[in-house]
Amino acid sequence: FQATLTRLSSPSLFGNDINTVLLTAEYQTQNRFRFKLTDPKTQRFEVPHEHVGTFSGLAASNLKYKVDVQQNPFGIKVTRASNGKVLFDSTIGPLLYAEQFLQLSIKLPSSNIYGVGEHVHKQYRHDVQWKTWPMYSRDTAPSGNMDNLYGVQTFFLCLEDNTGASLGVFLMNSNAMEFALQPAPAVTYRTIGGILDFYVFLGDTPEQVVQEYVKFIGLPALPSYWTLGFHLSRYDYGSLDEVKAVVERNRAIELPYDVQYTDIDYMEARKDFTYDKVNFTDLPSFQTYMHDYGQKYIIILDAAISIEALADGSPYQAYERGQSKKVWVNESDGVTPLVGEVWPGRTVFPDFTNPDCTTWWVEECRIFYEQVPYDGIWIDMNEVANFVQGSSKGCEQNDLNYPPFTPHIVDRLLYSKTVCMDAVQKWGRQYDVHSLFGYSMTLSTQQSTFAGSGKYAGHWLGDNAATWDHIKWAIPGMLEFGLFGIPY
Ligand SMILES: *[C@@H]1O[C@H](CO)[C@@H](O)[C@H](O)[C@H]1NC(C)=O
Ligand SMILES: *[C@@H]1O[C@H](CO)[C@@H](O)[C@H](O)[C@H]1NC(C)=O
C-alpha cells in the first residue's frame with residue numbers, strides 16, 4: 001500500500017524540510033515487512049544494493065505480522081499476529097524528514113537489543129541508558145570509546161521474551177548516522193541523507209531472524225577450509241628472510257599454523273602491485289615455499305594508489321594504466337582526480353563503484369599474480385582512509401562538507417581522515433556513498449579471486465594490540481558479525 005504524508009506545522013530543526021513524503025509498504029514475505037519513505041517530487045540517493053527491488057510486487061500470504069498506520073501524527077506499528085504483541089512502534093516519536101536530517105524512533109517489546117556496528121563494547125547486549133552510537137566508516141584503531149569504526153552495519157535484533165521469539169530491523173541507508181537507545185525501550189535512527197528504507201524480520205528464534213536477514217542481504221560465502229585455520233600476520237617483518245625465520249621457528253615447534261601474511265612492508269615504497277626487490281627478493285617463490293608444507297600465503301592490498309614514479313624513475317604501471325582508464329574518485333567538478341596522502345605518499349583513490357575500475361583492478365591483481373603468486377588478498381584502508389583532511393587542497397565550504405547536523409562521529413567532521421564529501425563516484429557523491437567504499441572494493445576484489453571463492457569476503461575487526469581489552473571486544477564483535485551475515 002502507499003500513503004502520502006504531509007508535514008505538520010512545527011519549527012524547522014535543520015532547514016530544508018520536505019513537506020510531502022510518500023510511504024510505500026510491502027508485505028514481502030510471511031516474515032519480512034518493508035516500508036520506505038521517499039520524496040515523491042525529487043529523487044534522493046538510494047543504496048544501489050543488489051538485493052533491493054527484487055520483490056515481485058505480490059503481497060505474501062499467511063503473514064506472521066499485522067501492520068497499522070496511525071494518522072495525525074503519522075506512526076507505523078508492526079504486530080506479531082500470533083499473540084498481538086506490538087514489535088515495532090514508531091508512534092513513540094515524530095518522523096522528521098528534511099534534506100539533510102531524517103529521523104525515526106521505534107519502541108521495542110524488550111531491552112534485549114543486539115547488533116548495529118561497527119563499534120567495540122565488552123557486553124553483547126546493548127545498554128539502553130541513553131547511549132548514542134555513531135555509524136560511519138572510519139579508519140581508527142579501537143580504543144574503547146563510543147567511536148564509529150571501519151564498517152557500517154545498520155541491523156539489530158531484539159529478543160522479545162523468554163520463548164525466543166525475536167524481531168530484526170534493518171535500515172537500508174549508507175549516509176553518516178547515529179543510533180540512539182533509550183530505556184522505553186526504544187531506539188532512534190538519525191541519518192543525514194538518503195531515504196528511510198526499513199525492513200522488519202520476524203522469527204520464532206534469534207537464529208530464524210538472522211536467517212531471514214541473510215536471505216535478504218545475501219548468504220555468506222562458504223569459506224575455503226584452509227581459511228578456518230590459524231593465521232599469522234604482522235606489520236614490519238622488514239625482510240622475507242625474517243618472515244621465513246618466523247615460519248621456520250613455528251614449524252619447528254609444530255604450532256598449528258596454516259597461513260602467513262605479508263603487510264605493506266613487502267611492497268616497494270608501499271605501492272600496491274609491487275614488491276621490494278632487495279629485502280623481499282625471493283617473494284615470487286614464497287607461495288611454493290608455503291605450499292610445500294601445506295600452508296598458504298596472503299598479501300595485503302591497500303585502496304589508495306600512489307601517483308609517484310618508482311624509485312628508479314620508471315613509471316608506476318598500475319597507476320599509469322588506471323590513469324589512462326580514468327578510474328579514480330574525482331573532485332567535486334566530476335573530472336579532476338582527487339589527490340590525498342596515504343602510506344605511499346601522494347595518492348589517488350580507485351572508484352570501485354565504476355565498472356571500468358573493477359576491470360582495471362582485476363587486471364592488476366592478475367598481472368601481479370604472474371610475478372608473485374598468492375592464495376588470498378587482505379584488503380585494507382578502504383574506509384576510505386586518507387591521511388590529509390579531505391584532499392591535498394582541503395575541502396570547499398558547502399552543505400555536503402559541513403552539513404547543518406553532524407552525527408557524533410570521531411572528530412565530528414565528515415571528511416576527517418577521508419576524502420571530501422562532494423567528491424564524485426559513479427554511485428554518487430561521497431556524502432552518500434562514503435560508507436560503501438569497502439563494500440564496493442570487496443565486490444571488485446572478489447571478481448579478481450579464483451575458483452572456490454564465494455560471493456563476498458570476511459571481515460577484520462581491526463588493529464589488535466594483543467591486550468585483554470582486545471579479547472573482550474573481540475567476543476561481542478564476532479557475535480555481532482554473525483548477526484550481520486559475516487560469520488568469517
Ligand atoms: C631492508 O633490510 C635492512 C636490513 O635488515 C634494513 O636495514 C632496511 O631498513 C630494510 N629496508 C626496508 C625498505 O625495509
Ligand atoms: C572522473 O573524471 C574522469 C575524467 O578525468 C572521467 O572520465 C570519469 O568518468 C570521472 N568519474 C566520475 C565517477 O565522475
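The values are calculated or read from the model by the stated rules, or taken from the named source; none is laboratory data. It should be emphasised that the depicted structure is a prediction, and the values quoted were computed from it without experimental measurement. All Cβ positions, even for glycine, are placed from backbone atoms using ideal geometry, and neighbour counts span all protein chains on display.
Structural remarks
- Residue within region 413-423 that is charged (D, E, K, R), buried (at least 18 other Cβ atoms within 10 Å of the Cβ) and at pLDDT 95 or above present: yes
- Scanning region 273-282 for residues that are touching a residue at least 40 places away in the same chain (Cβ under 8 Å) and either within 16 Å of ligand 1 (Cβ to nearest atom) or of a type in the set (Lys, Arg) (or both), we see that the one that is nearest to Ala309 (Cα to Cα) is Thr274.
- Among the residues listed as Tyr257, Tyr261, Tyr199, Tyr189, the single one being of a type outside the set (Lys, Arg) and without any contact (Cβ under 8 Å) to a residue 40 or more places away in the chain: Tyr257
Here is a yes/no grid of residues against (1) surrounded by fewer than 15 Cβ atoms within 10 Å (Cβ to Cβ); (2) without any contact (Cβ under 8 Å) to a residue 12 or more places away in the chain:
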{"residue": "Phe45", "(1), (2)": "no, no"}
{"residue": "Pro48", "(1), (2)": "no, no"}
{"residue": "Ser61", "(1), (2)": "yes, no"}
{"residue": "Val67", "(1), (2)": "no, no"}
{"residue": "Gln71", "(1), (2)": "yes, yes"}
{"residue": "Phe74", "(1), (2)": "no, no"}
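- Every residue from region 229-254 that is away from ligand 1 (no atom under 16 Å from the Cβ) and touching a residue at least 12 places away in the same chain (Cβ under 8 Å): Gly229, Phe230, His231, Leu232, Ser233, Val247, Asn250, Arg251
- Pairs, first within 12 Å of ligand 2 (Cβ to nearest atom) in region 334-345, second at pLDDT 95 or above and among the aliphatic types (A, V, I, L, M), C-beta under 8 Å, six or more apart: Gly334/Val424; Pro337/Val329; Pro337/Val348; Leu338/Val329; Leu338/Val348; Leu338/Val419; Leu338/Ala423
- Residue within region 211-227 that is outside any helix (DSSP H, G or I) and farther than 30 Å from Arg32 by Cβ present: yes
- Any hit, region 297-320, residues being closer than 23 Å to Ser392 by Cβ, hydrophobic (A, V, I, L, M, F, W, C), surrounded by fewer than 20 Cβ atoms within 10 Å (Cβ to Cβ) and within 16 Å of ligand 2 (Cβ to nearest atom): yes
Rundown of residues vs (1) within 27 Å of Glu160 (Cα to Cα); (2) assigned to a loop (DSSP other than H, G, I, E, B); (3) in contact with a Phe, Trp or Tyr (Cβ under 8 Å, 6 or more places away or on another chain), yes/no style:
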| site | (1), (2), (3) |
| --- | --- |
| Arg34 | yes, no, yes |
| Thr42 | no, yes, no |
| Glu46 | no, yes, no |
| His49 | no, yes, no |
| Gly53 | no, yes, no |
| Ser56 | no, yes, no |
| Ala60 | yes, yes, yes |
| Val78 | yes, no, yes |
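- Subset of region 11-39 that is among the polar types (S, T, N, Q) and free of Cβ contacts under 8 Å to residues at least 24 places away in the same chain - its residue that is nearest to Asp204 (Cα to Cα): Thr24
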